[in-house]
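What follows is one structure encoded as structure tokens, with my remarks underneath.
The values are calculated or read from the model by the stated rules, or taken from the named source; none is laboratory data. Please read these numbers as outputs of a predicted model, since none were measured by experiment. Virtual Cβ from ideal backbone geometry, glycine too; neighbours counted across all protein chains shown.
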Amino acid sequence: MEEKYEIDFLIKQLKNDKWYAREDAAELLAEIGDPRAIEHLIKALKDDEFHVREAAALALATFEDERSVEPLINLLNDKKASVRYAAALALSIIGDERAISSLEKAADDEDPVVKKISVLAINEIKKRRS
């Protein structure tokens, strides 16, 4: 019963007025690993605050759920480099081939760190395929 309360509380915190509470909630949901959080973390990828989008992307990586692939691909176009990095890293961990073409575009990103993680993500996904 306590864990259900925790999950419900953290899911509600994803809508808290304070961005840092939303960020913390995403991180804690990843630690707990309950798949009920996935759809709420996907919604958090559209948060106004980049810290929350970044935390939600990294949290989704822990679930390796195919429902998060398309929303993470969309995040590769985020205005913040740290969010694009988090999305590429998450896609690398999830390993879904649908991400390859978008990661190839991200490999030309203006940010060198995003470029590097995108190339590494492509290689990781291709390695899993073989």
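Side notes on the structure shown:
- Number of the exception - E70 against (1) touching a Ser or Thr at 6+ places or on another chain (Cβ under 9 Å); (2) in a helix (DSSP H, G or I): (1)
- Selection within region 74-93 - buried (at least 22 other Cβ atoms within 10 Å of the Cβ) and among the β-branched types (V, I, T): V83
- Residue check, R98 closer than 25 Å to A30 by Cα and at pLDDT below 95: no
- Qualifying residue in region 98-115 (condition: among the small types (G, A, S), surrounded by fewer than 16 Cβ atoms within 10 Å (Cβ to Cβ) and part of a helix (DSSP H, G or I)): yes
- For region 7-38, a residue qualifies if it is within 18 Å of S68 (Cα to Cα), in a helix (DSSP H, G or I) and in contact with a His (Cβ under 8 Å, 6 or more places away or on another chain), and the qualifying residues are I11, E23, L29.
- Candidate set from region 39-51 (those that are in a loop (DSSP other than H, G, I, E, B) and among the charged types (D, E, K, R)); member that is surrounded by the most Cβ atoms within 10 Å (Cβ to Cβ): D47
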